[in-house]
1. Just wondering, is there one or more residues in the stretch 271-284 that are at pLDDT 95 or above and more than 16 Å from the chain's Cα centre (by Cα)?
2. Does any residue in the stretch 163-185 that is farther than 30 Å from residue 319 by Cα come within less than 9 Å, Cβ to Cβ, of a residue that is in a loop (DSSP other than H, G, I, E, B) six or more places away or on a different chain, and which pairs are these?
3. Taking the conditions exactly as written (in a strand (DSSP E or B), surrounded by 23 or more Cβ atoms within 10 Å (Cβ to Cβ) and modelled with pLDDT of 95 or more), does residue 313 satisfy them or not?
4. Among the residues of the stretch 331-376, write down those that are closer than 19 Å to residue 258 by Cβ and not in a helix (DSSP H, G or I).
5. All but one of (1) modelled with pLDDT of 95 or more; (2) closer than 30 Å to residue 371 by Cβ hold for residue 179; state the number of the condition that does not hold.
6. Checking the conditions here, which among 45, 79, 18 is among the polar types (S, T, N, Q), surrounded by fewer than 18 Cβ atoms within 10 Å (Cβ to Cβ) and in a helix (DSSP H, G or I)?
7. Collect the residues in the stretch 136-190 that are crowded, with 18+ Cβ neighbours inside 10 Å, on the phi < 0 side of the Ramachandran plot and in a loop (DSSP other than H, G, I, E, B), keeping them in residue-number order.
8. State all residues of the stretch 11-31 that are at pLDDT below 95 and hydrophobic (A, V, I, L, M, F, W, C); if no residue qualifies, say none.
Amino acid sequence: MSTSILKSNCWVNLKMTNKLNLVLIFGGRSGEHAVSLRSAQSVLNALDETKYQVFQVGITTEGRWLYGSKAHKAFLEGNYESLTEAIILSDDGKPSLYTRAGNHLENLASIDVIFPVLHGTLGEDGTIQGLFEIQNCAYVGAGVLASSAAMDKAVCKHVMQSIGVPVLEYSVFTRHDIQENLKQTIEQAEQIAPYPLFVKPANLGSSVGISKARNREALEKALKLAARYDRRILVERGIAPREIEISVLGNTEVQCTVPGEIVPGDEFYTYKDKYQSGDPEVAIPAPLPAAQTTQLQQYAIDAFKAIDGAGLARVDFLIDKVTGEAYFNEINTMPGFTQISMYPKLWLYSGLSYPELVNRLVELALERKAEQDETVRKYEE
């Protein structure tokens, strides 16, 4: 229950509950907007109403921030008429969620923590995390540096190489390269390795825009497709892979799960496999030699620490079916959270239920914010 008073031409809520005010943000402007809505549904169902007062904020594909008590349902239906503009502002270092009430801003609640269930660009790439930092918000997941480094597959591979984690041979191209110098770009890509080659948008997830090219014609199509989704495109050596994933949890003290293996319905784990085909075939734990399991777990923790990860991440590896060699593929700082997603499944195998996992992520967000608040912001002699 709350009481509203008018102060300085805006409405301010006086919090009168012991619940944490949690702002759940979903949607976003990336190609993974629909994926975010699916993940948010699972998180919303898992949030304990006795612990959290949940405020639902959706971001449209055009970038509008909208609030409503049933905003998630409205986004699923594509009907935003009942929603109002959502604004996050900090007053003297204390963040609050506002909406517009005529000529005034109505303070809906102070913000204890934000749970951004956003995937892909402008949600998982450090941009919105920067906004949260500026507004002094506690939030679930990685910070600006880790989010941006992990989101860019090329930058992330550079980081992994620097700490000795093996990656497949690759090159990076731009949309301009493809649009203005397509022939040269294709020739350079063919120097990476013999076909097949994998082509990926550098800054997207959920296998959106990824193609396997077996020849020059397919490579041209793959480059043009990837360039629709990003201005930077990664091309790497293709292998016949086993797809291995490890879930990581923590801040300074980091834990990881056993490896799990995805058995894709297609040649690789596609968007359809992840979100439209029901439960994919998985093996938890993945049938790997004990030594390789231990090595991959160490790689996962090393990768998380190398980018200064926080909260959660899913670290993905590829194992060559022919040679048995393992390679780092990518790290996802806000992995899929649907009921069929591997991240929560791996923790469930380790004994951590979905609601417990959500609670732990909120705790980690608050712990990280408390640690940040210890930082001296002003130099004094």
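The values are calculated or read from the model by the stated rules, or taken from the named source; none is laboratory data. Only a predicted model underlies this, so the values are computations on that prediction, with no experimental measurement involved. Positions of Cβ are generated from backbone atoms using ideal geometry, with glycine treated the same way; all protein chains shown enter the neighbour counts.
1. yes
2. Cβ pairs passing all conditions: 176/231.
3. For residue 313, the condition - in a strand (DSSP E or B), surrounded by 23 or more Cβ atoms within 10 Å (Cβ to Cβ) and modelled with pLDDT of 95 or more - is met.
4. Once the filter is applied, which keeps residues that are closer than 19 Å to residue 258 by Cβ and not in a helix (DSSP H, G or I), the stretch 331-376 yields 331, 332, 335, 336, 340, 341, 350, 351, 352, 353.
5. Unmet condition: (2).
6. 45
7. Across the stretch 136-190, the qualifying residues are 137, 138, 140, 142, 143, 152, 165, 168.
8. Residues satisfying the conditions are 11, 12, 14, 16.
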